[in-house]
Structure formats: structure tokens, C-alpha cells
Amino acid sequence: MKNQNNEVPVFFLTPIIKLGNSGIEFLNELGRIGIFMYHSFVHIFSLPVQIPKIIEQIYFIGRKSVFIICLTGFFTGMVLGLQAYYALVQFGAVGMLGSGVANTLIREMGPVLSAFMVIARGGSAIAAEIGIMRISEQIDALETMEIDPIRFLVSPKLAASIICFPILTTIFDFMGIFGAYISGVKLLGVNAGIFLFRVHESIDMLDITGGYIKSVVFAVIVSVICCYQGYYTHIRKDGFGAKGVSNSTTSAVVQSCIIILIADYVITSFLM
């Protein structure tokens, strides 16, 4: 109903105003992330290249994640081997166990689960570390000393992630196939020769390349989002100080996981 001045009541416009504000805020956030990612990439190659800091981050992101990657990959492979065996035995196709497990791990589960494990162990720590540096004004101190914080803090992490993620994915795939071998061959009695033959025959270079493409894309997503959330902790509206760091870390983990699943679908649709 209109008022006497033929104007639409404000309460009718409130949802539209909120929707518009949310859209503008989303575009602003998207723009900040894009600029942040661009600067992070550019500063990887800025001279002098920060080799010592990149090596330090390779140790933190990669070396310290090896155990959890091995453990997760091994038991994921064992579960896949067990589930696939009881599915295939109904059709008399147990010999295809190695093929099914290898393709599932290399094409899909290896890159995704490896990325999730690194987010849980390293991504959350990165977001919290940079967030604490922001609220304790250490990043402001770097800017005062004319040291680019993105080059100093973010670019080495991005470079290290791009190096580490494909390696961790390879380790995950290997341990997953090994776990499936233990589950299927040693525990359930599948012929070892047939299992290994099917693994060898079912994997081609396109599968391996697709897995590595996913791992590199996931590396960029994880490092950029986790660093971004920590770097901009101070402008969050849902908390300040320790609460802001907590919320930034939570947002970094949740957003990274969601965007990885979306990116996984998009990349898979192009590679199929």
C-alpha cells in the first residue's frame, strides 16, 4: 500500500536495500581478494627472491604435513579397498579393484583430501599467525619501516604452497594405493598381480596431470584465502582482537574448503 505522497513504504524497500548492500560488500571483498592475490604473485618474483623464507615455509607447510598426509592417505585407501571389494564382488569384478581405487585417488580424493589436511594443519595456523601480527600492529610496523608486508609475509607462503601441494598429493596417492593393497590383497585375498596390473593399466598421464593441476589450484586457493583472512582481521565486523583472530581463522578454514569443492567440480568438468 502506498502512502499519500505515492511513495513506497520503507519496510517494503528494506529487504532490497539489504540485498543491495550485501551484493556491494561481496563485490568489494572479491576485489580485495583479487588485488591481494595479484600482489602476492608479483612479489614472488621480486628481487631479491626470498629463498630462505620460501624454504622455511616449505618446511612448515610441506614437511610438517607429511605424517598426517601419510596417515590419512593410508586409511583412506584401506577404506576404499574394503568398500570397493564388497561392491565389485557382487558382479564378479574383483579384479578391477586396483583400477577403481587408483583412479578414485589420483583423479579426485588425493588432491581434495590432501588440501583439506593442509588447511586443517597449516592453513589455520597461517591465518592465526598473520591475524595476531595484524592486531599486535606488527604489520603496521613493517609498513612504517617501508617493508611490504605482502611480499614479506604472504608471497613466500604462496610459493611454498605451490611447490608442496603436488608433492603432498603424490604422497597421499601412493599411500592410498598402498592402503588399498593391504586391505584388498593381504586382508581380503585379491590376487596381488592382478591388483598391481590394473593399477598400472588404468592410470594414464591425463589422470596424473589433472591431479597436479587441481593440487596447484588448491595451493593458490588455500594460501591466498588463509593469508587474506589473517591480513584483514582488523576490518572484520564480527569481532576485534582475539575474537577477530578466532573468527578469521574459522572463516579461512570454512571458505577454503568450500571454494576447493567448487573449484574441484569446475576443473573436473573441463578435464572430463
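Here the simple spin-label model places points 7 Å from the Cα toward Cβ, and for residue 201 and residue 108 these points are separated by 2.3 nm. Using a Gaussian network model of the chain in which every pair of alpha carbons under 10 angstrom is joined by a spring, one finds that among 123, 77, 189 the greatest mean-square fluctuation is at 189. Rounded to the nearest 20 debye, the dipole size of the range 135-272 about its Cα centre is 360 debye, using +1 on the Cβ of Lys and Arg and -1 on the Cβ of Asp and Glu. Taking 90, 229, 57 in turn, the Gaussian network model of the chain (Cα-Cα springs below 10 Å) assigns the largest fluctuation to 90. Per-residue packing, averaged as other Cβ atoms within 10 Å, sorts the ranges 217-225, 21-29, 163-171 into the order 217-225, 163-171, 21-29, beginning with the highest.
Would you kindly state how much longer the chain becomes between residue 59 and residue 33 on full extension, computed as 0.36 nm times their sequence separation minus their alpha carbon distance, in nm to one decimal? Contour length minus Cα-Cα distance gives 6.8 nm.
Listed values for the range 180-194 are Karplus-derived 3J(HN,Hα) couplings in whole Hz (6.51 cos²θ - 1.76 cosθ + 1.60, θ = phi - 60°), namely 5, 5, 4, 5, x, 8, 6, 9, 10, x, 5, 5, 5, x, 5, and x replaces Gly and Pro. Look at (1) 63, 45, 35; (2) 79, 61, 32; (3) 51, 44, 29: the one that is Cα extents along the principal axes in Å derived from this structure is (2). If the segment from residue 79 to residue 19 were pulled out straight at 0.36 nm per residue, it would be longer than the present Cα-Cα gap by 17.1 nm. Relative contact order of the chain, taken over Cα pairs closer than 8 Å and 6 or more residues apart, is 30 percent. The trypsin sites (Lys or Arg not before Pro) of the range 45-108 include none that meets both conditions, a loop assignment by DSSP and at most 14 other Cβ atoms within 10 Å of the site Cβ. Around the Cα centre of the chain, unit charges on the Cβ atoms of Lys, Arg, Asp and Glu (plus for the first two, minus for the last two) sum to a dipole of about 380 debye.
Excluding same-chain neighbours fewer than eight residues apart, the aspartates and glutamates reachable from residue 214 by a Cα-Cα span under 13 Å are 108, 264. Taking θ as phi - 60° and the Karplus parameters 6.51, -1.76 and 1.60, the scalar couplings of the range 119-134 work out to 4, 5, 8, x, x, 5, 5, 5, 4, 5, 4, 5, x, 5, 4, 5 Hz in sequence order, x denoting glycine and proline. Which residue, 262, 69, 61, tops the fluctuation ranking in a GNM of the chain built on C-alpha contacts under 10 Å? Looking only at 262, 69, 61, the largest GNM fluctuation is found for 262.
Computed from phi, the 3J(HN,Hα) profile of the range 55-64 under the Karplus parametrisation 6.51, -1.76, 1.60 (θ = phi - 60°) reads 5, 4, 6, 4, 5, 6, 7, x, 4, 6 Hz, with x in place of Gly and Pro.
Each label point was placed 7 Å from the Cα along the Cα-to-Cβ direction; for residue 266 and residue 93 their separation is 3.3 nm. Label positions at residue 41 and residue 144, each projected 7 Å from the Cα along the C-beta direction, are separated by 3.4 nm. Here residue 237 is the anchor, and the lysines within straight C-alpha reach of less than 24 Å, apart from those fewer than 8 places off in the same chain, are 18.
Between helix 10-44 and the chain there is an angle of about 60 degrees, using the helix long axis and the longest principal axis of the Cα atoms.
Rule-based calculations on the coordinates, nothing more; no lab input. For clarity, every value in this text was computed on a predicted model and none was experimentally measured. Quick reminder, even Gly has a Cβ in these numbers, built from the backbone with ideal geometry, and neighbours come from all protein chains shown.
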